[in-house]
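The values are calculated or read from the model by the stated rules, or taken from the named source; none is laboratory data. What you are looking at is a predicted structure, and each value in this text was computed from that prediction instead of being measured. So basically every Cβ, Gly included, is an ideal-geometry build from the backbone, and we count neighbours across all protein chains shown.
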Amino acid sequence: MANVQSRRPLVLVLGGGFAGIGAARNLKDADADVVLVDAHDYHTFQPLLYQLATGLLEPSAVGHSLRDLVHGQDNTTIHKDSVTAIDLAAREVRFAELAPLTYDYLVLALGAEVNFFGTDGATEHAFPMYTLRDAVRLKEHVLGRWEAADKDPSLIEDGALNVVVVGGGPTGVESAGALAELYRGDFAKDYPNVPQQKARIVLVEAGPEIFSMFKPNLREYAEKALTKRTVEVMTGELVSSVTPTRVALKSGATLEAHTLVWGAGLQGNQLVQSLGLELERGNRIGVGPDLTVTGHPEVYALGDIAAITDAKTDQVLPQLGSVSLQSGEHAGESIAGRLEGKEPKPFEYRDKGTMAAIGRGAAVVQMLGGRTMKGRKAQVAWSTVHLALLPTNEDRAKAIVDWAGSALTHQRTGRITVGAEADQRSET
Ligand SMILES: Cc1cc2nc3c(=O)[nH]c(=O)nc-3n(C[C@H](O)[C@H](O)[C@H](O)COP(=O)(O)OP(=O)(O)OC[C@H]3O[C@@H](n4cnc5c(N)ncnc54)[C@H](O)[C@@H]3O)c2cc1C
């Protein structure tokens, strides 16, 4: 069995998202070798994926080289590879290409993945919003549909320009709002011969209201802001099946739409099912107050893959960037401390509020004590919190330049097709 040539303890970090990077960075000065493995060579900033999908940001503003993030961290090695199996009893991890590694400490930060809840045709035809590739694929598909409709107007009647967005949570609402601004702003000018009013954006939510996690005043505001941007909000509706050109609803109605964006559900990374652990709701690994897995004090589960109970509220924390980053930083610090013989402290989450952006000048924020904000003030708070979460100053500068440019010109400069992602649906 191969292992890193080392006499020092090996901390193996699986996943280079918020949680994995947070952990690895806080192990910078630890007397250990740190190996971080991710299927990609970049860190994905998921909260801004919808801005990439709608041409506001470039891929390099949303994905950042993982190697770059640990420059100057001499004890850390990055490998681009897929984790294929984890044996907690043997303390061994297997990969697609790398030789197996045995660890002293394991950081499980593999995130979550889309959950289609068994919806017929969704795996093949829906557009999820979870990875950089998903966002680029969606953008290129939508641009492809507009180009096709511009050449053949009969496609418009068939629903080529219509988009159904599933899920009235932040991912669905943010995507629908941004698509509406792309359609009614840039595309109205780009395709003057295409009748705008025939291009529909429909948000479908199973519950009675969108934004169920927010207070009623914010829900009402969000629905009005979407409607003002021409998004049709359908509540109490479930998508039952999807084909390349049609979306069937449980009520029996069918929507003609060549694009279905899925923002309705997540589940912990599939690999967790093979760990032999009892899993919590949504396929998440339950952890103790110190973020370790029961019976495995050497294993930390963090971020979206974990069900972390907030010590203050006794509630399971939501799958958020701030929870992931803070849990990662806490684990890194705890492992570094344990290597020096220090007693680890329990994790304490610092809540920065729950927030979502609906469009230009329209956002909602709900603070821990129940205070709420909406409109421009909320958008400033949203931007500040998200800039702070970005991994480097270079990324912050890129986002600020793109946001400022778009605020001044109302243009989304990234609306070009590079063709890197094969898109089966636009070829139908
Ligand atoms: C569209 C969208 C919008 C969001 N908006 C917000 C927001 O506005 N504010 C907010 O706070 N949070 C938001 N979130 C949630 C936030 O992005 C997540 O909570 C956070 O990214 C989770 O971090 P993580 O490190 O646990 O997992 P991830 O960031 O998902 O990282 C997991 C890493 O593991 C890697 N990986 C997975 N499987 C394997 C494997 N088998 N082998 C090797 N590597 C693997 C992946 O490549 C990935 O890099 C949003 C999420 C989405 C999807």
Could you list all residues from region 102-123 that are part of a strand (DSSP E or B), within 15 Å of the ligand (Cβ to nearest atom) and surrounded by fewer than 21 Cβ atoms within 10 Å (Cβ to Cβ)?
Glu113, Val114
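So that you can scan it fast, the table gives a plain yes or no per residue for (1) closer than 24 Å to Pro128 by Cβ; (2) crowded, with 18+ Cβ neighbours inside 10 Å; (3) acidic (Asp, Glu); (4) touching a residue at least 12 places away in the same chain (Cβ under 8 Å):
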| position | (1), (2), (3), (4) |
| --- | --- |
| Phe214 | yes, yes, no, yes |
| Tyr221 | no, yes, no, yes |
| Glu232 | yes, no, yes, yes |
| Arg246 | yes, yes, no, yes |
| Gly252 | no, no, no, no |
| Trp262 | yes, yes, no, yes |
| Glu280 | yes, no, yes, yes |
| Gly295 | no, no, no, no |
Taking region 15-74 and keeping residues within 29 Å of Val173 (Cα to Cα) and of a type in the set (Val, Ile, Thr) leaves Ile21, Thr44, Thr54, Val62
Are there any pairs with C-beta distances below 8 angstrom linking a residue in region 5-33 that is without any contact (Cβ under 8 Å) to a residue 24 or more places away in the chain to a residue that is within 13 Å of the ligand (Cβ to nearest atom) and of a type in the set (Asp, Glu), with the two at least 6 apart or on different chains, and if so which?
none
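Please tell me if Ala388 is more than 16 Å from the ligand (Cβ to nearest atom), assigned to a helix (DSSP H, G or I) and surrounded by fewer than 15 Cβ atoms within 10 Å (Cβ to Cβ). Spell out how you get there, then give the answer.
Working: more than 16 Å from the ligand (Cβ to nearest atom): no; assigned to a helix (DSSP H, G or I): yes; surrounded by fewer than 15 Cβ atoms within 10 Å (Cβ to Cβ): yes.
In short, no.
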Collect the residues in region 316-338 that are more than 8 Å from the ligand (Cβ to nearest atom), aliphatic (A, V, I, L, M) and outside any loop (DSSP other than H, G, I, E, B), keeping them in residue-number order.
Val316, Ala331, Ile335, Ala336
Restricting to region 352-371, give me the number of residues that are at pLDDT below 90 and among the charged types (D, E, K, R).
1
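Going residue by residue through region 339-351, is there one that turns out to be more than 8 Å from the ligand (Cβ to nearest atom) and within 16 Å of Leu12 (Cα to Cα)?
yes
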Helices (runs of 4 or more DSSP H) wholly inside region 1-64 containing at least 3 residues that are of a type outside the set (Asp, Glu) and within 12 Å of the ligand (Cβ to nearest atom)
18-25, 49-53
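Could you tell me which of the residues Gly159, Gly168 is assigned to a loop (DSSP other than H, G, I, E, B), at pLDDT 95 or above and crowded, with 24+ Cβ neighbours inside 10 Å? Break it down stepwise before answering.
Numbers: Gly159 fails: crowded, with 24+ Cβ neighbours inside 10 Å.
Matching residue, one of Gly159, Gly168: Gly168.
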